[in-house]
Ligand SMILES: Cc1ncc(COP(=O)(O)O)c(C=O)c1O
């Protein structure tokens, strides 16, 4: 078979649910020379990535590192390390990723109960209160920004309830980290994971996770081995810690990319970035309303970096998205599950959270709907 033609991907404006626009500095860092994964020069990058991740997660946790793999690897890391067969777990489900958490936890042998809300609405802390009053859960898990619906969940309130009942709180900050406050220590989040390809403006490939000492202690006290060799934190900790015991070969170039992405985020400042995401979200809502496109989520629970708008009745959802690709090189996201065909999801994440992007999308949509 002859070799395939050289890859020549189109230059898209990524305004979907992720991956988001990659910052040019991050893209450039991907072509830096590859060194060995135990080269002192790389060990320094690992240490700096851990230190900068602590800053972005707003935590003093010792364990903060990027797992090799995408956001789902972070999700699995948290569940496989914390859950032993038979453990009781409570999961908030009001979208696609809460549903995925249930699947992952069940595969670990957890007895899963759920607190549910309609897709497009937020989880109600009162439901957590009621569930926690009835039964003791080892772990309670919640998605902060539910990417499938554009809803931001009340993590702080749920955290208070979880700790009143002596459970552990696990938060998915895949879409929120960098684009909205995720205050791991202040909100008493015990375990948190994210990804690189949303508000950190990096390609997909790593999944930052952080565990506090209470969670680490639980992992240490396990009676059974973590069922995933690759995601076993007791070994990965020794690779990222001072022992430098080989576990797997860290993806060197992706760690360079994360390094630059974190530098970009911290140079801007977290507060400034959160503010920028809020402002651009405000401009987006105003521009869409001029086109009679309405937000699908109530104002008080909107995640600013992932914007759900209703597809008008007489408009063909898929056709509009295809024409955005073909005629404008713009990607936006479709609805998932019960929201398929009903909403568009517009990601204004990281480097992509710019008024210019909102204006270009509004101009394109004006011609298409
Ligand atoms: C909230 C949330 N959690 C988990 C994931 C899974 O991440 P990945 O697709 O990087 O594996 C995603 C992906 O979009 C997500 O939005």
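Full extension of the chain between residue 245 and residue 48 yields a length gain of 69.1 nm, computed as 0.36 nm times the residue separation minus the alpha carbon distance. Relative to the 2.2 N^0.38 Å rule of thumb, the range 73-195 has a C-alpha radius of gyration ratio of 0.93. In Å, the Kirkwood hydrodynamic radius of the range 34-145 over pairs of distinct alpha carbons? For the range 34-145, the Kirkwood estimate is 16.1 Å. Semi-axes of the equivalent ellipsoid of the range 263-369 are 24, 15, 13 Å, computed as sqrt(5λ) over the eigenvalues of the C-alpha gyration tensor in descending order.
Each principal axis of the Cα cloud of the range 183-261 was evaluated for its coordinate range; sorted largest first, these ranges are 39, 34, 24 Å. The percentage of C-alpha pairs in the chain whose separation is greater than 33 Å is 30%. If the segment from residue 35 to residue 313 were pulled out straight at 0.36 nm per residue, it would be longer than the present Cα-Cα gap by 94.6 nm. Over the chain, DSSP H runs of length four or greater, each weighted -39,500 (n - 2.57), average out per residue to a 222 nm ellipticity of -12500 deg cm²/dmol. The convex hull around the C-alpha trace of the range 224-302, projected and averaged over every direction, spans 9.8 square nanometres.
If the chain linking residue 366 and residue 266 were pulled fully straight, counting 0.36 nm for each residue of separation and taking away their Cα-Cα distance, it would gain 32.4 nm. Measuring nothing but how far apart in sequence close Cα pairs (under 8 Å, 6+ apart) lie, relative to its length, the chain scores a relative contact order of 25 percent. Neighbour counts of C-beta atoms inside 10 Å place 35, 174, 285 in the sequence 35, 285, 174, starting with the fewest.
All of the numbers you see were taken from the coordinates with simple rules; none came from a lab. Here the structure is a predicted model, which is why all the values come from computation and not from measurement. Backbone-built Cβ (ideal geometry, glycine too); neighbour counts: all protein chains shown.
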